[in-house]
C-alpha cells in the first residue's frame, strides 16, 4: 500500500494543483485555463513557480499555458497558494490586458521584470506587492499582514487536506524576492508635488545629490521613507 501511494504521489499532486487552479478561475474572472505541474528537481532549485504562456499544444489555433509550482512548498500551503496566485496574476495579465502578449503577463524586456500593472493586479486579487529594485521592479509578493483573504480559504483547505508530502523535510518561508539584492545603501521612496504624486525609488547616494525633478509639476522628488532591506 505504501509503495502504491508513493507511485501515485506525482499524479495526486498534479490533480490537486489543477483543482486549485480551477477554483482560482472561479474567483478571478478572466483567469485562463492552464496546465499545472510540479516543478522537477532542477527547476525547483531556481524558482518557487513559473508561468510559461502558450506552451502546450491543443486542438485549434491557440496553445495552453503552463504554471509550474515547487514541491518544496507542499508542506506550507499558505506559501504555495500565494505563489499560485502570483503566477495567476501573470496568466491573467497575459490573457486580458492588451499588449501583454509582448510584455508576457506584466513582465517586460525594457529594464523591469515585474511592471506596475503587475503590482496593481496583485493588489486587486489580494496579494501584497512591494518594489524590490530597478531590475526586477514590483516582485516581492505575499499575503498581507491579515493573512490569506477570505475568498481563498476554500482553496487553502483543499491544499491542506489533499496535497501529498513534497520534496522538503521542513516548511519553508517564501518571499517572492529576486535573486539580485538591493544595494547596501538601500533605496529611498521619493515623491513629487503633483496632485497625484509620482513616485521614484533611488539609491540614497543619488537622493542626496539632488536634482531629481518632476517634468510635470517642476517640483523636486522628496521623501525619507527607506525601502525595507532584503
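Between residue 145 and residue 165, what length in nm is gained on full extension when 0.36 nm per residue of separation is reduced by their alpha carbon distance?
Answer, rounded to one decimal: 4.5 nm.
If you scale each eigenvalue of the Cα gyration tensor by 5 and take the root, what three semi-axes come out for the stretch 187-226, rounded to whole angstrom and sorted largest first?
17, 11, 6
State, to one decimal in nm, how far the label point of residue 191 lies from the label point of residue 57, with both points 7 Å from Cα in the Cβ direction.
With each label placed 7 Å out from Cα toward Cβ, I get 5.4 nm.
A short reminder: the numbers here are calculations on the coordinates, not readings from a lab. These figures come from a predicted structure and were not determined experimentally. Cβ sites come from the backbone with ideal geometry, for glycine too, and all protein chains shown count toward neighbours.
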